[in-house]
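One structure is given below, encoded as structure tokens.
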Amino acid sequence: MLKTLQTKKAYSLVEIIATVILFSVGILGILAAFSFASKDTRISNKKLMAANKGRALLEDMRARVDTRTPNAWNLTCNGAAHSWPNGESFDGKPIVYSCSDHTSGARQVTLTVEWDD
């Protein structure tokens, strides 16, 4: 019977370094993806809160106009930007509106709600 010599298998230093580098690049890519996703989520939440704040203000104004409450919303309608009545703000910044009268008798009100990312 012939005896065969078994050789021990081992990894070289180059293979270990290459594996560590590839693994590190993969982990950094995953962490970067989480970071971008977190930032996008924060921005989306701010946009949603700002839209809801503006929608609530406009719905409140519409409800007061519909009930014919006298001088409920005394808006300056000259096309220029003005601060929203009662000093409403969002994220520490004032809410601004512009209002214009149309020949049909209707008014167009545009709100601008700003925030910091």
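The values are calculated or read from the model by the stated rules, or taken from the named source; none is laboratory data. Being a predicted model, the structure only gives us computed values, none of them experimental. Cβ atoms come from the backbone with ideal geometry, glycine included; neighbour counts cover every protein chain shown. Surface accessibility is based on the protein's heavy atoms, side chains included, excluding ligands, DNA and RNA. Shrake-Rupley method; radii C 1.70, N 1.55, O 1.52, S 1.80 Å.
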- Message: Tell me the mean residue ellipticity at 222 nm calculated for the chain from its helices only (DSSP H runs of n ≥ 4, each -39500 (n - 2.57), averaged over every residue, nearest 500).
- Response: -17500 deg cm²/dmol
- Item | Translational diffusion of the chain, µm² s⁻¹ [Kirkwood Rh, Cα pairs; Stokes-Einstein; 25 °C; 0.890 mPa s] | 124 µm²/s
- From the Cα centre of the range 84-114 to that of the range 28-43, the distance in Å is 34 Å
- Note on the structure: Taking trypsin sites (Lys or Arg not before Pro) as exposed when in a DSSP loop with at most 11 other Cβ atoms inside 10 Å, the chain has its longest clean stretch at 10-67
- For VAL113, enumerate residues with amide H under 5 Å from its amide H, sequence gap 5+ or separate chain, H modeled in the peptide plane. none
- Note on the structure: When every protein chain stays in place and a 1.4 Å probe is rolled, LEU111, LEU31 sorted by accessible area with the largest first are LEU31, LEU111
- Note on the structure: HN-Hα couplings for the range 106-117 via Karplus (6.51, -1.76, 1.60; θ = phi - 60°), in whole Hz with x for Gly/Pro, come out as 7, 10, 10, 10, 10, 9, 10, 10, 10, 7, 9, 6
- Starting from the Cα of GLU59, move 7 Å in the Cα-to-Cβ direction to define the label point; list residues of the range 73-113 whose amide nitrogen is under 13 Å from there. none
- Message: Tell me the per residue accessible area of the chain using a 1.4 Å probe; a whole number in Å² is fine.
- Response: 82 Å²
- With x for Gly and Pro, the residue-by-residue ³J(HN,Hα) of the range 27-41, computed from phi through the Karplus equation 6.51 cos²θ - 1.76 cosθ + 1.60 at θ = phi - 60° and given in whole Hz, is 5, 5, x, 5, 5, 5, 4, 5, 5, 5, 5, 5, 5, 4, 5
